[in-house]
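The next block holds one structure in the form of structure tokens; read it before the comments.
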Amino acid sequence: MTTTAEPTTTELGKARTRKEDARLITGRTRFTDSITPHGTLHLHVVRSPIAHATITSVDKSAAEASPGVIGVFTAADLGVEAVGLPCAWPITPDMKAPQRPLLASSTVHFAGEGVVVVVARTAAEARDAGDLVEIDYDALEPVLDMEAALAEGATLVHPDLGTNENATWVFDSGAAGTGASVDEAIAAAEADPDSIVLRRRFRQQRLIPAFMEPRSCVVDPTGEQITVWAATQVPHILRTMTTVTLGVPESKLRVIAPDVGGGFGGKIGVLPEEMLCVAIAQRLGKPVKWTETRSESLLAAHHGRDQIQDLTITAKKDGTVTGLDVHLLADMGAYLGLVGPGVPILGAFMFNAIYKIPALKFTCTNVFTTKTLTDAYRGAGRPEATFGIERIMDELAVELGRDPMDLRKQNWITHEEFPFTTVVGLTYDSGNYEQATDQAMATFDYAGLRREQEERRARGDKVQLGIGISTFTEMCGLAPSRVLGSLAYGAGGWEAASIRMLATGKVEVITGASAHGQGHETAFSQIVADQLGVPFEDVEILHGDTQISPKGLDTYGSRSLVVGGIAIVKAAEKVVAKAKKLAAHLLEASEDDIEFNAGQFTVRGTDKGKAIQELAFAAFMAHDYPEDMEPSLDSDAVYDPENFSFPHGTHLAAMEIDTETGKVSLRRYVCVDDIGNVVNPLIVEGQVHGGLAQGIAQALFEEANYDDQGTLVNGTFVDYTLPSAADLPSFESSTVSTPATSNPLGVKGVGEAGTIASTPAIVNGVIDALRHLGVTNVEMPTTSQRVWRAIQEAKGNSTQETPIDTHSPGAGLGSIDPNNPQGEVQ
Amino acid sequence: MIPAKFDYVRPSSVEEAVTALRDAGEDAKILAGGQSLLPVLRLRLAAPSVIIDLGGIADLRRISEDGDRIAIGAMAPHHDVMRDDLVKQHVTLLSQATATVADPQVRHRGTLGGALAHADPAGDLGAVALALDAEFVIAGASGTRTVGASEFFVDYFTTAIGEGEILTQVRFPKYTGWTSHYEKFNRTAQAWSMCAVAVALRLDGGSIAEARVGLTNMGTTPIRASGVEAALVGQQASADAARAAAEHATEGTAAPSDADAAADYREHLARVLTGRAVLAAAG
């Protein structure tokens, strides 16, 4: 920058309430389902109730005769049998990738897969007619267990692939030259009486993203461009992928993501229903709409997590960790999502976390099953890795008889050691684990709670106390394009921004990030207000429409601020440079003598100056401007980050367990996050609180399970148990700041931090409360029943397995099989 | 929500409702607060031809004192029941249990009569009605009849309400001066009971003169824990007595197994929660 004064930062760090909230809370906005072009027809997808079956016949006649029905279509009827949905992340050159059809033609591969689409004049008529479509199936054996799916002779989900293995992806620090060999570390530890080798198996249960607004798509084919409205996180990617999938030229497509009600990764996909909407709108020449029901969403929208983690850690008995070997099985479900195969791979770079582990090997095998496909879910790969390492650090502490925090301190990167290049070759630019930890420990009163824990144990209290620790870091701000290229990812990681200086001094900012609840409009306005010295209220943020914001890579991976926000800064710098040139011309001064501060361009040492608004007007009038510039201050920028950002933090949970009933209660949760400089502390607090709730929910509440026939048993919010505010305490969250050195604002991502950090803190706390009773593990979610059984087993009482695949409660009822309702309903 | 098509009737009196029900035939469903019916319609697990909405009958929301009874209209919302002074004073256990039902939104919509007529064994109010010997006033074409709680609950989602009949009122004897507690165990705050225990005690000095105990979600209907009651009467209100009586909690139960709790765990919970409920009720 050539400006001579630092821009003032009156907005950065201000806890502004979100400018989006008034319209969202009062409903004075439009979501996709509230957009209905004149003459819109409605789609209903008839889905397979069976996980794996051959379709033997489809009888559409009754549905076609149903009132209001325009058409009932199979894939063959639409001529889309050969159309396959895209997977943009071929993690290995020889990855096995089945084609995911828009509608299943001969075989269904998961319960919830679409087979027939009904088009009718109203959504109700489409739904009614859907009930009249008769599809006969010959059931095939479902493929449900990952290890069984990989065994010799297993039923194949896609027989033409010859295997249920999608790919195996390996990173070995020894081979890569970024660290030592894990095999050697294990061999050395096994041969050394002063070392130990610890092996543990953890499970990441299957989760459902459960965004608030169900998915929806409206397509209007009238006009020169086809307009697509979609409840999506990724309007730009959706446009490109619609071209890739259906061959509609990208220039003939306009994709709009209006206000979108949450995503958490769950709206990162390219949906068969979206492609059906485009294909049917084109075929019929009329606008069409598809909006899913909540139960459709739980069943058919992509799920998250679902891994088996086999970890081996080696350490010297003095506590120094010497190696970590990671073997993952990751359930892809029946097909590959847009970035599904890469999600577990993102974890490869985070298993070493904040520790100076000299040798790391990561082997992940992705597996096909006859379940709903999995893809990104808040944190995507990093929560799984963080859980694995933070759980096994606790296990190692127990084995070595060490305090779990002391063991972490012994192994973590100290603040003097930054920048630090890790065993997987990432360079952590900045961090201060000591600072965050010291503050968290003091707030939590760690020593006091340990004393209370000892007393409760000694007294044999009915309610036992456990302390859970998670000292996490993550890589976010996806991502440097060259790094993505090296991972064979199907796109770059840059972001685009434009700034338009309007004649009246107002500022329009166009971003390629696509907000769906994050508060971009507020945070980005604060940044621009500071950069240009204009009032916050004068900044308008435009996004989510490919005709307004033609260039962008959308929102996921905590990238909007650290990539999209920096693109805005870069564009603002260009605006300032142009304005300065114009100011010098109008003030008859040398550009070198122009100072810019708080929106004013002044001639150094004089009181002569021009406000940025005056310059915007002057550029608009264009009556007088330098010969070597265009009459415009408007500027564009594309920012490609050189590195990720690495937020970190220390999270501490005090868990109480009623040992009589197994009931787990979260008594206190203290977290101190280091996310660098903070643009808006209120938004940060909201992101942390929501993230914590989601991460804690994985530990305590949520689980998507299938019965032995491959039917999802948690198909409603009655039995897919999301917590509410009543189930969680007031979080004690705060921040410390070690500014990132990898971007000009010194910011780090915060969108996923709470989710990534909290799950292991909770589970470590649960097990810590029970360890003295002989309990060594409780699988997630750590329900009262699982805890009670773990205690019984530790006591030597035999108890049955915790059932996970029983239908009940369901259907909005307390105790009923949704497939077999009975009795009076009032 | 897109349910299957149905006709909708909103009568303004019980007589009109009974007539509408007779005219509608077998496929009719009665809509009270809709907290169970609407989810079933939404999922198309039921497709009634006619829905008869009792929401237009103002009389059915009334809560009144009737001699030695508190009479609660079947359409009184949970929110009204739990805050009503008569209920709080004379049927404290009902007020306590109602306060645990789901969340405020549900309690403003859902009704006492709807919940009891739905007869979900996981519902909280059946065990209370059973333990407290409530009476159910049922209207039909030939007038009204009254059924005791012990005959009212027949099976899963099945009650003594016959075809063409409507539950109009639930009458509770006064338990003035009794102490009580509803001990509920669930997965999340809004979830249905995995198991719950309703206890009302009449204390005389330090000892238990009378006891009423009902169990939620321990069988196909709410269960009266008579063994526990018998074990409590005449005992000092102590932890030992509570523990000893709680050993009888699973007598006569048929605990269901589901993803939240297999039968063995549910039985264990019934014993633990019974002990706690008795102690809490005893103060």
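The values are calculated or read from the model by the stated rules, or taken from the named source; none is laboratory data. Fair warning: this is a prediction, and the values are worked out from it, not measured in the lab. Methodologically, a virtual Cβ is constructed for each residue, glycine included, from the backbone with ideal geometry; neighbour enumeration extends over all protein chains shown.
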Filtered residues of the stretch A:23-68 (kept if assigned to a strand (DSSP E or B) and without any contact (Cβ under 8 Å) to a residue 24 or more places away in the chain):
none
Within the stretch B:125-165, residues being touching a strand residue (DSSP E or B) at 6+ places or on another chain (Cβ under 6 Å), within 14 Å of chain A (Cβ to nearest Cβ) and part of a loop (DSSP other than H, G, I, E, B) number 4
Considering only residues of the stretch B:58-76 that are away from chain A (no Cβ under 14 Å) and surrounded by 16 or more Cβ atoms within 10 Å (Cβ to Cβ), which is farthest from B:L94 (Cα to Cα)?
B:R61
Of the conditions (1) closer than 21 Å to B:G73 by Cβ; (2) within 11 Å of chain A (Cβ to nearest Cβ); (3) surrounded by fewer than 21 Cβ atoms within 10 Å (Cβ to Cβ), B:P3 satisfies every one except a single condition; which number is it?
(1)
Filter the stretch A:660-692 for residues that are in contact with a strand residue (DSSP E or B) (Cβ under 6 Å, 6 or more places away or on another chain) and among the polar types (S, T, N, Q); the one that is surrounded by the most Cβ atoms within 10 Å (Cβ to Cβ) is A:N677
Out of everything in the stretch A:121-140 that is part of a strand (DSSP E or B) and over 35 Å from the mean Cα position of the chain (by Cα), what residue ends up being farthest from the other protein chains (Cβ to nearest Cβ)?
A:D138
Inspect the stretch A:162-180 for any residue being part of a helix (DSSP H, G or I), surrounded by fewer than 21 Cβ atoms within 10 Å (Cβ to Cβ), in contact with a Pro (Cβ under 8 Å, 6 or more places away or on another chain) and of a type in the set (A, V, I, L, M, F, W, C) and give the result as yes or no.
no
Expected single match for of a type in the set (G, A, S) and either within 14 Å of another protein chain (Cβ to nearest Cβ) or out of contact with any helix residue (DSSP H, G or I) (no Cβ under 8 Å at 6 or more places or on another chain) (or both) among B:A237, B:A196 is B:A196
Among the residues of the stretch B:241-260 satisfying the criterion of being out of contact with any strand residue (DSSP E or B) (no Cβ under 9 Å at 6 or more places or on another chain) and closer than 18 Å to B:A209 by Cβ, which is farthest from the other protein chains (Cβ to nearest Cβ)?
B:A244
Given the structure, is A:R206 touching a Ser or Thr at 6+ places or on another chain (Cβ under 8 Å), surrounded by 15 or more Cβ atoms within 10 Å (Cβ to Cβ) and either of a type in the set (S, T, Y) or closer than 28 Å to A:L329 by Cβ (or both)?
yes
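Residue-by-condition table, conditions (1) acidic (D, E); (2) within 21 Å of A:D306 (Cβ to Cβ); (3) buried (at least 21 other Cβ atoms within 10 Å of the Cβ):
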| site | (1), (2), (3) |
| --- | --- |
| A:L728 | no, no, no |
| A:S734 | no, no, no |
| A:N743 | no, no, yes |
| A:G746 | no, no, no |
| A:V750 | no, no, yes |
| A:I756 | no, yes, yes |
| A:P760 | no, yes, yes |
| A:G765 | no, no, yes |
| A:T783 | no, yes, yes |
Could you list, in sequence order, the residues of the stretch B:105-123 that are assigned to a loop (DSSP other than H, G, I, E, B) and more than 9 Å from chain A (Cβ to nearest Cβ)?
B:G110
Would you confirm, using the coordinates I've provided, whether A:V778 is buried (at least 17 other Cβ atoms within 10 Å of the Cβ), more than 10 Å from chain B (Cβ to nearest Cβ) and in a helix (DSSP H, G or I)?
no
Tell me yes or no: at least one residue of the stretch A:439-449 is assigned by TED's automatic domain parsing to the domain that holds A:A761, surrounded by 22 or more Cβ atoms within 10 Å (Cβ to Cβ) and at pLDDT 95 or above.
yes
Every residue in the stretch A:69-98 that is over 32 Å from the mean Cα position of the chain (by Cα) and free of Cβ contacts under 8 Å to residues at least 60 places away in the same chain, please.
A:T74, A:A76, A:D77, A:G79
Checking A:R206 against (1) at pLDDT below 95; (2) in contact with a strand residue (DSSP E or B) (Cβ under 7 Å, 6 or more places away or on another chain), the condition it does not meet
(1)
